[in-house]
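**Student:** Below is one structure. I have some questions about it.
The values are calculated or read from the model by the stated rules, or taken from the named source; none is laboratory data. The model shown is predicted, which means the values in this text are computed figures rather than measured ones. Note that each Cβ is placed from the backbone with ideal geometry, even for glycine, and that neighbours are counted across all protein chains shown.
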Amino acid sequence: MKKVFLLMMVAVFSVATASAQYYLGGSLGFSNEKTKDGDVELSKTTEFAIAPEFGYNLTEKVDLGISFEFSSEKPGETGFDKTTGWNVSPYVRYNVIQFGQFSILAKAGILFGGKKETPVGEGPDVKTTTLGVNIVPVLKYTLSDKFDLLANLNFAKIDFNQTKVKDGETTTNFGLDVNSNNVANVGGVTIGFAFKF
């Protein structure tokens, strides 16, 4: 009896994993900005960010995933010499509606992250941690069986987060943001890709 049960469990697991589809995506960014007056450099800002993402298509309608982000900035005009940040965000996405190769998804995620700001000159580093929850609509376009393009529509979202400075103040923020004036603003849309395997 135990052998039959074990064989049935192996068969169910094999069918579940055979139809499963994993995906990998993310973003990478670098920028360097200088301001000069003649030969005199007034300011210089360098930014770097990497954000890989990994997920699993649980069903045709539901995806489970996790994204990571690491960023570093050397600002030129603030009181800080360097800022580094990181965050981890597990999420679930639900396919609300599909028409052709386009889909509208609802993405709900939990964010946990931290930031360290190193001041210019003397003084201790300023360290903060952030914990938050957000819900955002996502537009997906299926290019092929292996590639999807995804756009987080950040102009419409529900956001709750709490940021705590080590040995300092705590800031709590709740936002319900639906801004029709930002629909055409590329700054309100994040476009990424996913490779399915």
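**Student:** Out of the residues in the stretch 21-53 that are over 20 Å from G85 (Cα atoms) and at pLDDT 90 or above, which is farthest from the chain's Cα centre (by Cα)?
**Tutor:** Y22
**Student:** Let me ask you something else. Given the criterion modelled with pLDDT under 95 and farther than 19 Å from D125 by Cβ, identify the matching residue among E73, E60.
**Tutor:** Working: E73 fails: farther than 19 Å from D125 by Cβ.
Criteria check complete, one pass: E60.
**Student:** Where in the stretch 135-197 are there strands (runs of 3 or more DSSP E), lying fully within it, with 2 or more residues that are among the polar types (S, T, N, Q), modelled with pLDDT of 75 or more and in contact with a strand residue (DSSP E or B) (Cβ under 8 Å, 6 or more places away or on another chain)?
**Tutor:** Values: elements: 147-153, 156-165, 170-178, 189-196.
Where strands (runs of 3 or more DSSP E) fall fully within the stretch 135-197 and carry at least 2 residues being among the polar types (S, T, N, Q), modelled with pLDDT of 75 or more and in contact with a strand residue (DSSP E or B) (Cβ under 8 Å, 6 or more places away or on another chain), they are 156-165, 170-178.
**Student:** Within the stretch 161-170, work out how many residues are surrounded by 12 or more Cβ atoms within 10 Å (Cβ to Cβ) and closer than 25 Å to A108 by Cα.
**Tutor:** Narrowing the stretch 161-170 to residues surrounded by 12 or more Cβ atoms within 10 Å (Cβ to Cβ): 161-166.
Next, only the ones that are closer than 25 Å to A108 by Cα stay: 161-164.
Summing the residues that are surrounded by 12 or more Cβ atoms within 10 Å (Cβ to Cβ) and closer than 25 Å to A108 by Cα in the stretch 161-170 gives 4.
Yes or no, residue by residue, for (1) assigned to a strand (DSSP E or B); (2) within 21 Å of the chain's Cα centre (by Cα); (3) surrounded by fewer than 17 Cβ atoms within 10 Å (Cβ to Cβ); (4) in contact (Cβ under 8 Å) with a residue 60 or more places away in the chain:
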position	(1), (2), (3), (4)
Y94	yes, yes, yes, no
L111	yes, yes, no, no
G123	no, no, yes, no
T129	yes, yes, yes, no
G132	yes, yes, no, no
